[in-house]
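Inspection log for the structure reproduced underneath, given as structure tokens.
Nothing in this text is a laboratory measurement; each read-out follows from the coordinates by a stated rule. What you are looking at is a predicted structure, and each value in this text was computed from that prediction instead of being measured. So basically every Cβ, Gly included, is an ideal-geometry build from the backbone, and we count neighbours across all protein chains shown.
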Ligand SMILES: *Cc1c(COP(=O)(O)O)cnc(C)c1O
């Protein structure tokens with residue numbers, strides 16, 4: 001990116017991120033027409049709501065059918081809870097209906113049968129978001145589980161794979177197999193490029209084309225395109241990093257289990273843990289006093305958990321040391 005700071009800065013960037021889309025197409029064994037690049041994947045998630053969901057004619061009025069099913073599926077944005085906090089925001093901005101489907105015990109994806117039984121799941125929702133692996137829980141789901149949910153959906157399904165590089169498997173094939181399924185990826189997390197804002201969707205050319213129509217002409221900045229292309233030229237470096245982070249995650253998980261923490265099995269670069277002895281909120285404060293920053297969310301489903309992001313091995317050793325001190329001080 002430093003090398004690209006030259007006379008190019010006077011010029012508009014490539015409007016369709018063509019070279020980047022070609023590289024991504026080679027990486028994922030698809031065509032550039034299967035790919036749209038955004039100013040971060042957040043931009044593309046917002047475009048998906050605008051392209052695929054009808055705003056409600058009379059906002060705020062939910063119409064229910066027998067069995068609790070809502071009539072206005074064309075206006076419904078559906079997602080599991082807890083998951084990415086942006087989905088309800090996007091639905092509200094658009095004047096869409098939100099259909100929030102609770103995850104199972106320990107934050108697992110409900111089975112296909114379970115979804116059918118739960119009147120809450122709306123197979124006709126215009127747009128369904130599934131974060132996989134999920135945030136803030138860290139849990140992954142198998143491609144077979146996701147395939148079953150995708151097959152049960154009549155609207156568009158976006159599989160938000162922001163953390164896929166830390167997982168054992170990903171569901172990219174579902175986006176290339178099913179015409180109503182999109183996979184979302186980002187350079188922000190595993191590629192450490194969030195400052196530059198580059199993410200992308202992979203899916204059927206018709207869905208990608210619909211998003212392309214409503215995209216701003218120069219939505220992806222030039223240095224962002226340069227940075228994203230550079231990461232793709234150095235994948236072995238990044239893959240070593242992913243392995244390092246996964247091994248740190250598995251080591252920290254084992255150490256915290258030893259100290260009495262309950263851990264949701266993670267497929268991401270963070271873990272969701274239920275701490276012993278004190279409330280999660282108190283743990284958050286005690287750790288903060290000792291200059292260790294973790295996340296605590298006050299939402300009812302996750303308020304007894306902490307989310308711990310993997311830092312360097314040294315930082316994680318410090319977390320374990322401080323955790324032992326807090327437990328000993330009682
Ligand atoms: C971080 C994140 C995003 C957004 O990433 P950007 O590409 O930086 O916009 C989307 N979905 C999930 C689940 C995330 O955690």
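So how far apart, in nm, are the two label points at residue 2 and residue 279 if each is 7 Å from Cα heading toward Cβ?
Label at residue 2, label at residue 279, 4.9 nm between them.
According to the square roots a ≥ b ≥ c of the eigenvalues of the Cα gyration tensor, what is the shape class of segment 247-330, taking rounded for a/c under 1.5, prolate for a/b larger than b/c otherwise, and oblate for the remainder?
Taking the square roots of the gyration eigenvalues as a ≥ b ≥ c, segment 247-330 is rounded.
Could you calculate the FRET efficiency of residue 303 with residue 232 from 1/(1 + (r/R0)^6), where r is the beta carbon distance between them and R0 is 51 Å, rounded to 0.05?
The pair residue 303/residue 232 has a calculated efficiency of 0.80.
Based only on other Cβ atoms within 10 Å, what is the fewest-to-most ordering of 1, 310, 316?
Fewest-to-most Cβ neighbours within 10 Å comes out as 1, 316, 310.
Looking only at segment 286-300, which residues have a backbone nitrogen under 16 Å from a spot 7 Å from the Cα of residue 259 in the C-beta direction?
Answer for this model: 286-296.
Relative contact order, percent, of segment 148-288 when contacts are C-alpha pairs under 8 Å separated by at least 6 residues?
Relative contact order of segment 148-288: 20 percent.
Out of every Cα pair in the chain, what percent are spaced more than 26 Å from each other?
52
Between residue 50 and residue 247, how many nm apart are label points set 7 Å from Cα along the C-beta direction?
Each label point lies 7 Å from its Cα, and together they span 4.5 nm.
If we count other beta carbons within 10 Å of each Cβ, what is the order of 299, 6, fewest first?
Ranked by crowding around the Cβ, least crowded first: 6, 299.
Express the Stokes-Einstein translational diffusion coefficient of segment 161-310 in µm² s⁻¹, to the nearest whole number, given a Kirkwood radius over alpha-carbon pairs, 25 °C and a viscosity of 0.890 mPa s.
136
At 0.36 nm per residue, minus the direct Cα-Cα distance, what do residue 314 and residue 152 gain on full extension? Give it in nm, one decimal, please.
53.8 nm
Residue 240 to residue 195: FRET efficiency via 1/(1 + (r/R0)^6), r the Cβ-Cβ distance, R0 30 Å, to the nearest 0.05?
0.85
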